[in-house]
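The values are calculated or read from the model by the stated rules, or taken from the named source; none is laboratory data. Because the structure is a prediction, the values reported are computed rather than measured. Counting neighbours? That spans all protein chains shown, and the Cβs are built from the backbone with ideal geometry, glycine included. Areas reflect the complete protein model, heavy atoms only, side chains present, ligands, DNA and RNA absent. Shrake-Rupley method; radii C 1.70, N 1.55, O 1.52, S 1.80 Å.
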Amino acid sequence: MEFVRTEFGDVDFGGTRFALFAAFTEAKFAGVTRFYEYHFGDRAEFPRTRFAADVWFENTEFADIAVFAAAEFGGSARFLHTRFGDVGGFARSRFDGDVVFDDIRFDGPVGFAGARFARPLRIERVWVRLTGHKRKLETDSTWPPGTVIRVPGEADPLPEGWGVLELEEAAE
C-alpha cells in the first residue's frame, strides 16, 4: 500500500495491520495522528513525510524495516510501547517538538545520523540489541546526541545481549 503525496487531517489508524509493504512517501499529516495497536508486517517507509501536529506511535510493531528518512515532526513525536524489528531509521529527520521514546525495543540497528532535535529527548525504558561479544557495548547504530548505551545491571529485567539507551546525565 502506498500513499504518495497524500494529505491527511486528524487521523487514527487504530488496530490496523499491514501485512506487506506500506509507504507514506512525502505524505502530509496536517492534524493529530495516531498509529495505535498498529502492525507493519513488512517494510514501513515515511520518507520526507511531514507530521505537522502531534503524532503517536503507541503499541505499534514494525516487524521488519521502519524508515523515517528526512521526515519532519512539527508537533510532539511519541513512540510508546513500540517495537522496531530488523532496522529503524531516522536519518536526517527533524524533530521540532517534544520527542518521547518510552518502552521501546530496537531489535536491530537504528540510525539517527543527521537528525535534528529542537528540544531535549525524553528516553525511558529503551532496549537495544548489542552486537559483538557477550555483554559488550557495541551496536551497529548511530544514536541521538547526548545519549549513551549501558549494559543492564542485575536489577534490570533484560535478557543477555541487550543494552539500555539513556541520556548521558542519567547514566552518570
* Would you check if F3 is within 22 Å of R92 (Cα to Cα) and open to solvent by 20 Å² or more (accessible area, probe 1.4 Å)? => yes
* When you go through F35, F79 one by one, which is the residue that is over 17 Å from G108 (Cα atoms), assigned to a strand (DSSP E or B) and either touching a residue at least 12 places away in the same chain (Cβ under 8 Å) or in contact with a strand residue (DSSP E or B) (Cβ under 7 Å, 6 or more places away or on another chain) (or both)? -> F35
* Scan the range 86-93 and give yes if some residue there is surrounded by fewer than 22 Cβ atoms within 10 Å (Cβ to Cβ), among the aliphatic types (A, V, I, L, M) and under 24 Å from V126 (Cα atoms), otherwise no. => yes
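Does any residue of the range 42-49 turn out to be open to solvent by less than 70 Å² (accessible area, probe 1.4 Å) and over 16 Å from the mean Cα position of the chain (by Cα)? Don't jump to the end; show me each part of the working.
Looking only at the range 42-49, we keep the residues that are open to solvent by less than 70 Å² (accessible area, probe 1.4 Å), and these are 42, 44-47, 49.
In the following step, the residues that additionally are over 16 Å from the mean Cα position of the chain (by Cα) were identified as none.
The answer is no, given that none of the residues of the range 42-49 is open to solvent by less than 70 Å² (accessible area, probe 1.4 Å) and over 16 Å from the mean Cα position of the chain (by Cα).
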* To do: Look at G9 and say whether it is surrounded by fewer than 17 Cβ atoms within 10 Å (Cβ to Cβ) and over 24 Å from F106 (Cβ atoms).
  => yes
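For (1) in a loop (DSSP other than H, G, I, E, B); (2) buried (at least 17 other Cβ atoms within 10 Å of the Cβ); (3) touching an Asp or Glu at 6+ places or on another chain (Cβ under 9 Å); (4) at positive phi, each residue gets a yes or a no:
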residue	(1), (2), (3), (4)
F57	no, yes, no, no
D102	no, no, yes, no
G108	yes, yes, yes, no
I123	no, yes, yes, no
* Asked: Just checking, which of A19, A69, A77 is farther than 22 Å from R129 by Cβ, of a type in the set (G, A, S) and open to solvent by less than 30 Å² (accessible area, probe 1.4 Å)?
  -> A77
* Asked: Within the range 14-45, how many residues are closer than 17 Å to A77 by Cα and in contact with a Ser or Thr (Cβ under 8 Å, 6 or more places away or on another chain)?
  -> 9
* **Candidates G88, G14, filtered to the one that is touching a residue at least 24 places away in the same chain (Cβ under 8 Å) and outside any loop (DSSP other than H, G, I, E, B)** => G88
* Within the range 22-32, restricting attention to residues that are surrounded by 18 or more Cβ atoms within 10 Å (Cβ to Cβ) and not in a strand (DSSP E or B), which residue is nearest to the chain's Cα centre (by Cα)? -> F24
